[in-house]
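Undergrad: Here it is, the structure, as C-alpha cells.
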Amino acid sequence: MHRQPIRALAAALLCAAGCLLGFSQPSAAATAAPQIVYTYEVRGLANSSSLESFAAAAASTYADPRGWNLGGSIAFRRVASGGNFTLWLAAASRVPGFGSPCDSTYSCRVGRNVIINETRWLNASPSWNAYGASLASYRNLVVNHETGHWLGFGHAFCGGSGQLAPVMQQQSISLQGCRPNAWPTASERQRLAASRGVPIRTGNPVGSLDNVVPQLAAVFIRGWAIDPDTSGPTSVTVQLDSKVITVRADSLREDVGRTHPGYGNNHGYRLTLNASPGRHTVCVRALNAAGAGATVLLGCRTVAVSGTPIGHLDSVVPSGQGILVTGWALDPDTSTGAVPVAVYEQPGGQVGIWANQPRSDIATRYPRWGSAHGFAVLMRATPGVHQVCAYARNIYGIGSTATLGCRSVSVPG
C-alpha cells in the first residue's frame, strides 16, 4: 500500500508494455490464456501451516473473474519454484526487511516480491474496518492491490465522494470518501487488457433455484442470481409450464453476499405464482445483465399442487343438550362453490352440512376464495363423553377427502 519508487515504477510500466512479465502475447490462433506463474513463501510466522490457508485464499482471488485475470484472459498459476513473482505472507516485524518502501504497518511490493503483512491479513486496517467492510473482501483487496503494483500500476485516488474506490487506491490508509472496493474497476481492467493485448472475457451469470414449494393453488419460488460483470442486480425468467415472466433478482440475500463478497447482498428473487391443482414444471434462467455472456439455466423442478380441500375444526363445545361444532373448509379448485362437510359424533351419529357461512378471517387469509367458507352445526347428544370428527369432501377437480380434526367433549347431564 506504499508509493512505489520512481525507478521501480518505471520498470513496472515497461512490464505493462509487455516486456518483463514473463508470459508471451497470445497469437490470433491461440486458445489457451497466457499464464503468470508465482510461488508462495512465508517469513517470520509462528506457524508455517498458515501458508496453505493463505495460499488458497490468494488463489481464489487470482481465479475470480472480477480480478486481474480479466475473466480468464490471463491465468495465474502457482508453481513450486521460480515463477514470475513471489507472493509472501510475512510477519509485520519482518516486512521492512524487504527494503524500501516497506514498513511494518502495511503491505508492499518490491521488485518481484509481493508482500502481504500478516497483521493486515488477520485484522484488515482501521480505515477498512471503520466502514464496516468484511475481512474476506479486505484480503481480496490487499492481494489485488499489491499484485497490481507488480503488474505495473501505480497508486490511484478516489474519483469522488460515494464512488467505488479504485483497487489501486490506498484504501488501507484512507477511503478518501469512496466506497470500499476489493476488485479492479472497469477502467483498471481495460488498461491491463490493452497493455497485454488480450480481451476482457465476461462471465455468464451464476445462481441457484433454491426452493419450489407447492401452496394453496400456487407455487412459491426462491433463489438467487449474479452476473459477474456487475455488482448490480440481474433478472431471471421464471417459467411455470408454458407461462413465462421476468423478475429482478434484487431482494436481500445476506448468505449470497457472504459467499460472493464484492457483489453486495441484493441478488435474491422470490415470488408466488398461481397454479391449478396438479403437476407443474418450474424452470428459472438467469439473464446476462452486463458485458458479453449468455442466459444460463439455473434449474428446473417438478412440483405437485394439491387439489384436496383444506380447513379446520375450530371448536367442539357443549351447548344446551347438544354439541356445537364450528370450523371452516375451502377447496382450491373453486372460489365460489361451497364445500360439503361431514361431521361424525360417536357414539351418536353423523350430519352433513355445507361450509358456506361468512368467515371474514378466512377471506383475509385467502382473499382469492372470499369469506363464504365457514360452518356451524348443533348436534343433539346424550350426557357423557363424545368424540367428534369433521371431514371436508372433495367434489371439485382433483383431490381427496380431508380430515379437518377430531375433538373430545363432555356433555353434562
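Undergrad: Taking Cα atoms, how many degrees apart are the long axis of helix 50-63 and the longest axis of the chain, rounded to 10 and kept between 0 and 90?
TA: 80
Undergrad: Does anyone have the angle between helix 186-196 and the longest principal axis of the chain? Alpha-carbon axes, 0 to 90°, nearest 10?
TA: 50
Undergrad: Okay, next question. Tell me, rounded to the nearest percent, the portion of alpha carbon pairs in segment 310-411 spaced more than 24 Å apart.
TA: Pairs farther apart than 24 Å: 22 percent.
Undergrad: Once amide H atoms are placed 1.01 Å from N in the peptide plane, what residues at a sequence separation of 5 or more from Ala372, or on another chain, have their amide H within under 5 Å of its amide H?
TA: Sorted by chain and number, the residues that satisfy this are Arg359.
Undergrad: Quote the relative contact order of the chain in percent (integer), defining contacts as alpha-carbon pairs under 8 Å separated by 6+ residues.
TA: 11
Undergrad: A further question on this structure: Rounded, prolate or oblate: which one fits segment 61-201, using the alpha carbon gyration tensor with axes a ≥ b ≥ c (rounded when a/c is under 1.5, else prolate when a/b beats b/c, else oblate)?
TA: Note, shape of segment 61-201 comes out oblate.
Undergrad: Give the angle, between 0 and 90 degrees and rounded to the nearest 10, that separates the Cα long axis of helix 6-16 from the longest principal axis of the Cα atoms of the chain.
TA: Helix 6-16 and the main axis of the chain meet at about 60 degrees.
Undergrad: Here is a further query. Hey, what do the phi angles of segment 107-113 turn into as Karplus ³J(HN,Hα) couplings, whole Hz, using 6.51/-1.76/1.60 and θ = phi - 60°, x for Gly and Pro?
TA: Each residue's phi maps through the Karplus curve to give 8, 6, 9, 10, x, 8, 9 Hz.
Undergrad: Using helices alone, what [θ] at 222 nm do you get for the chain, with -39,500 (n - 2.57) per DSSP H run of 4 or more residues, divided over all residues and rounded to the nearest 500?
TA: Counting only the DSSP helices, I get -5500 deg cm²/dmol.
Undergrad: Moving on. Give the Rg (one decimal place) followed by the Dmax (whole number) of the chain, computed from C-alpha coordinates and expressed in Å.
TA: Both quantities, over Cα of the chain: 32.9, 106 Å.
Read-outs throughout are calculated quantities, based only on the coordinates presented, and are distinct from any laboratory measurement. Everything numeric here is computed off the predicted structure, so don't read it as measured data.
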